[in-house]
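The values are calculated or read from the model by the stated rules, or taken from the named source; none is laboratory data. Since the model is a prediction, treat every value here as computed from it, not as a measurement. Glycine gets a Cβ as well: all are built from the backbone with ideal geometry, and neighbour counts include every protein chain shown.
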Amino acid sequence: MAEIRVEHLGKAFGDFVAVQDSSFVVRDGEFFVMLGPSGCGKTTTLRMIAGLELPTGGKILLGGEDVTMRRARERDIAFVFQLFALYPHMNVRRNIGFPLLAQGMPGIEIRQRVEETAKLLRIDHLLNKSV
C-alpha cells in the first residue's frame with residue numbers, strides 16, 4: 001500500500017457541505033479507521049479517495065502522486081462498506097464482479113476472476129444466491 005495524503009479536502013452538494021477542510025495522512029502499511037456519527041462525511045471522504053466522487057476542494061495524493069482528478073480505475077484502490085451487501089438487488093456473483101465491471105473489464109475475465117475468488121474464499125456454492 002502507498003501512503004495516502006489528504007490535504008484540505010472538501011465536498012459540497014449544492015449548499016450542503018458534506019466534507020470541509022479535511023486533512024490527514026495514512027502511512028504505508030498503517031491501519032487507519034474513520035469514526036464519526038452518521039452524516040459526518042466518512043463515506044464521502046472514502047468515495048473521494050477511491051475516485052468515485054470528485055472533491056470540490058483540496059487534494060488527494062497516493063504514493064506522493066496527485067490523483068485528485070483521476071478516475072477510479074486509474075487509482076488502483078479499493079475499500080469495503082460496513083454493510084456486507086453493497087447491492088442488495090444483485091446476487092453474490094454480481095456483487096463480487098461489479099467493481100470489475102465498473103472498471104471496464106471484459107465479461108469473460110470478470111466471470112473467471114469471480115469464480116477464482118469464490119473458490120479461494122470457499123463460497124463458490126453461494127454465487128447464485130440472493131444477498
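Remarks
- Selection status of Ile110, without any contact (Cβ under 8 Å) to a residue 60 or more places away in the chain and buried (at least 16 other Cβ atoms within 10 Å of the Cβ): yes
- The range 16-41 - residue that is of a type in the set (D, E, K, R) and at pLDDT below 95 and, of those, farthest from Lys59 (Cα to Cα): Glu30
Yes/no per residue for (1) part of a strand (DSSP E or B); (2) surrounded by 11 or more Cβ atoms within 10 Å (Cβ to Cβ); (3) under 14 Å from the mean Cα position of the chain (by Cα):
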| residue | (1), (2), (3) |
| --- | --- |
| Arg5 | yes, yes, no |
| Asp21 | yes, yes, no |
| Phe24 | yes, yes, no |
| Glu30 | no, no, no |
| Leu35 | no, no, no |
| Thr44 | no, yes, yes |
| Leu52 | no, yes, yes |
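- The single condition among (1) surrounded by 11 or more Cβ atoms within 10 Å (Cβ to Cβ); (2) of a type outside the set (Ser, Thr, Tyr); (3) assigned to a loop (DSSP other than H, G, I, E, B); (4) under 15 Å from the mean Cα position of the chain (by Cα) that Phe79 does not meet is (1).
- Test: residue in the range 87-96 that is out of contact with any helix residue (DSSP H, G or I) (no Cβ under 8 Å at 6 or more places or on another chain), in contact (Cβ under 8 Å) with a residue 40 or more places away in the chain and not in a loop (DSSP other than H, G, I, E, B): yes
- The residue that is nearest to Glu65 (Cα to Cα), among those in the range 1-29 that are of a type in the set (Gly, Ala, Ser) and either in contact with a strand residue (DSSP E or B) (Cβ under 9 Å, 6 or more places away or on another chain) or without any contact (Cβ under 8 Å) to a residue 24 or more places away in the chain (or both), is Ala2.
- Qualifying residue in the range 58-69 (condition: in a loop (DSSP other than H, G, I, E, B), touching a Leu at 6+ places or on another chain (Cβ under 9 Å), surrounded by 12 or more Cβ atoms within 10 Å (Cβ to Cβ) and modelled with pLDDT of 95 or more): yes
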